[in-house]
Amino acid sequence: MDKFKFPDTGQVNCYDRQGHVCFPAATDSLSGENGFHLRHPMVFVKLDAEGHELPEAATPQTGHCLTKDLNTGLIWEVKSLDPEAPNYAGLSYTWEEAQSLYVARLNDLHWGGRNDWRIPNKDELRSIMDYGRTEPAVDTTYFPNLGSDLYWTSLTYQMQPVFGWCIFSGLGSATAISKASRRKVVAVCGGYEPLFGVMSDERFTDNGDGTVTDKVTGLMWQQGDNERMTFFEALEACKQMTLGGYTDWRLPNIKELNTILNLNRDGGWWYFQKFFPIDGLTPPLLHYLSSTSYEGNYAWVTNFNYGYDGYYASKQTPLLFRAVRSIKESEKGTFRLSESGQDACYNIAGQEISRPSRGEKLFGQDGCFKIHPFRFAKESLADSDVVRDENTGLMWEIKSDEADAFNNRDRLFTLQEAQAYIAELNRSSYNGFTDWRLPNLQELRSIVNYTDRIPAIDTALFPDTAPAFYWSSQPYMPDSSLYWGIYFGYGCAICYNRDTRFRVRAVRGGFAPKFGLCEKVQWRDNGDGTVTDLLTGLMWKQDESGQLGLEDALRYCDELRLGGYDDWRMPNIRELATLIDLNYTDGVWFHKNLFPDTITKPLGFYWSSSTYASTFGWGVNFQFGYDGYYADKINGEYPFRPVRNAW
């Protein structure tokens, strides 16, 4: 997959205290200025009307029709100087016309071979602004007919909804203008990251240590505010800061700063209040410094009282600021769905056999593959040991064997008591964190080991585990008195009444906050009979494949040729369980929009490639939503859904 990178501002100069261009040493506080930090320089390529790459010398007269941003994946139209062209640079539109007329016409025409044109959101349009240029603040080599004017974004100014956001391309500043006024438009399509510029809490992770991570931009933010300082004092304060175990804090540039401006204005504030507290802040002077200079003696700032970033202020004016740091590649975790743990292979009668090779009988069962083996690491922290899953990024609580310990391994909880227990862990900053939670069902299932051990987990890492039921955070949707959990006797998901007392294992963190949340997982219909889960990287056959015995089903998957791929296989039990829709949407336990013909009668059982107790096959029941089912491998004939790893 192409990878989103948050682009730099284009500013490459640093300025001394007199406003002159300078070249600071890394030890100098001036090295915190925008021009010192070149992370993802803006990189564009020219495309023709069919989306083919053109040489740098191409012009609109020689076929330059589109410009692609290699950092964001966004594709921009190149405005025409022909008054008869549908995208003539001289045309202006009201906010509504820009979307209902202009963009609609581009899509009707399949402009540039595309029909996904749209008005850019504010961060998207700002992403092409070059703060090393003015009049216009864009690289006219790639945006040749984009003048110094106000260009519409798709967003409403929430303080006065009759206004819409524009960006002035002369400087790169944003302002709100009456939607009835006529302004310029530049359309965009594509993009690597669907959440770029979207006002959504799911972009952020509270790290529980005074920092917040934006998973879209790859930036880690200081959660709290600082006292007001001048530009140069703020640079020094960031350079001296130690927070969350990191010492590479800096002042954000103007593009970075605006990504944490909440343009939904939830609760009457322009902050993402769930992640950035507003305690002690008093409007109207809520201007925040950026590290980006304007004409040497001034700094670009953003006003978090009115939502504007079209300001610059004297570097001698004390203003608020919030430190940021770039997350290094070595820190970034890539989510992987762990294997089942099953290594052995079996014949239909349940006898262990040597691992079959491709083309041989019974090839394709779980033990034939080692895809994302378990990667756990035990760590000793302030209050206790924890276990970190290096595939999912989840950190798991380890219980105490001391009888009077608050987190004693044998302590039992109703669901409400379990939630109170989590609240107490956070109130006490257990092990230094305040973001502990009850795991959802997929998270809890991710540590199950399906090797027929009792309990169904690696007891060297989790010695406190009983072969018993553990609560998850998710209700059984047909009956809210029941909640899901995992029975660690053998690793199946079942439900119990919320007032019954069972065990709890707290969790925190994770590389993928969407993991296990059916409503947030993104799918891509590939248009070729396959769909891809964009979190797990699993590609699934969309329609049904009949009902077969296990041996024939394994052979079917091995011989399948679909979507141009020949590496199909039967999913293991953990993979197959990711297809359950725990939201029970439309009264079914499967994703009806993706797999409309899922077979639920008479049993609804689907094979997995995993074996239970040598002679049975694990599977999922899509009639009742349970994965705690296993079937006779000798006589059973059931449906199945082939899968492959897309990445």
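The values are calculated or read from the model by the stated rules, or taken from the named source; none is laboratory data. These figures come from a predicted structure and were not determined experimentally. Here Cβ is always computed from backbone atoms with ideal geometry, including for glycine, and neighbour counts include all displayed protein chains. Note: areas computed on protein heavy atoms with side chains; ligands, DNA, RNA excluded. Shrake-Rupley method; radii C 1.70, N 1.55, O 1.52, S 1.80 Å.
Here are the numbers:
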{"quantity": "Fraction of accessible area attributable to carbon and sulfur, the chain (%, probe 1.4 Å)", "calculated": "49 percent"}
{"quantity": "Lys/Arg +1, Asp/Glu -1 at C-beta; the chain dipole; positive extreme among Phe374, Phe605, Gln99", "calculated": "Gln99"}
{"quantity": "Highest to lowest packing among 139-146, 152-159, scored as the average C-beta count within 10 Å", "calculated": "152-159, 139-146"}
{"quantity": "Degrees, to the nearest 10: 550-559 long Cα axis against longest axis of the chain", "calculated": "30 degrees"}
{"quantity": "The range 551-637: C-alpha gyration tensor shape, a/c 1.5 cut-off, then a/b vs b/c", "calculated": "oblate"}
{"quantity": "Quarter of the Cα convex hull surface for the range 458-593, i.e. its orientation-mean projected area (nm²)", "calculated": "10.7 nm²"}
{"quantity": "Highest average packing first - 636-645, 341-350, Cβ atoms within 10 Å", "calculated": "636-645, 341-350"}
{"quantity": "Mean accessible surface per residue for the range 356-464, computed with a 1.4 Å probe while every protein chain stays in place, in Å²", "calculated": "43 Å²"}
{"quantity": "Förster radius 51 Å - calculated FRET efficiency between Ala349 and Glu417, Cβ distance, rounded to 0.05", "calculated": "0.65"}
{"quantity": "Distance between modelled label sites at Asp149 and Thr585, nm, 7 Å Cα→Cβ extension", "calculated": "4.1 nm"}
{"quantity": "Candidate lysines for bridging to Lys399, where Cα separation is under 23 Å - those fewer than 8 sequence places away on the same chain excluded", "calculated": "Lys378"}
{"quantity": "Spin-label proximity, Glu96 to the range 151-178 - amide N less than 18 Å from point 7 Å beyond Cα toward beta carbon", "calculated": "152-158, 160-165, 177-178"}
{"quantity": "Potential extension, Asn115-Ile494 segment - 0.36 nm per residue separation minus Cα distance", "calculated": "131.9 nm"}
{"quantity": "Long pairs among Lys122/Lys520; Lys184/Lys520; Lys370/Lys541, criterion Cα-Cα beyond 26 Å", "calculated": "Lys184/Lys520"}
{"quantity": "Counted charge near Lys255, where neighbours are those whose Cβ lies closer than 10 Å (Asp, Glu -1; Lys, Arg +1)", "calculated": "-3"}
{"quantity": "Accessible area in the full protein assembly, largest first, 1.4 Å probe, for Tyr626, Tyr483", "calculated": "Tyr626, Tyr483"}
{"quantity": "Point-to-point label distance, Asp248-Ser178, nm (Cα→Cβ direction, 7 Å offset)", "calculated": "5.0 nm"}
{"quantity": "Residue-averaged [θ]222 nm for the chain, counting only DSSP H segments that reach four residues, each worth -39500 (n - 2.57)", "calculated": "-2500 deg cm²/dmol"}
{"quantity": "Relative contact order (percent, whole number), the range 416-500, Cα cutoff 8 Å, 6+ residue spacing", "calculated": "24 percent"}
{"quantity": "Those lysines that a straight Cα-Cα span of less than 29 Å connects to Lys239, excepting residues fewer than 8 apart in one chain", "calculated": "Lys5, Lys215, Lys255, Lys274, Lys315, Lys328, Lys332"}
{"quantity": "In the range 509-595, chymotrypsin sites (Phe, Trp or Tyr not before Pro) in a DSSP loop with at most 16 other beta-carbon atoms within 10 Å", "calculated": "Tyr584"}
{"quantity": "Whichever aspartates and glutamates have a C-alpha closer than 19 Å to that of Lys592, once near sequence neighbours (fewer than 8 apart) are set aside", "calculated": "Glu519, Asp525, Asp528, Asp533, Asp543, Glu544, Glu575, Asp581, Asp627"}
{"quantity": "Geometric extent, Cα atoms of the chain - Rg, Dmax (angstrom)", "calculated": "27.9, 85"}
{"quantity": "Residues of the range 19-91: accessible area per residue with a 1.4 Å probe, Å²", "calculated": "47 Å²"}
{"quantity": "Accessible surface, the range 256-315, averaged per residue in Å² (probe 1.4 Å)", "calculated": "36 Å²"}
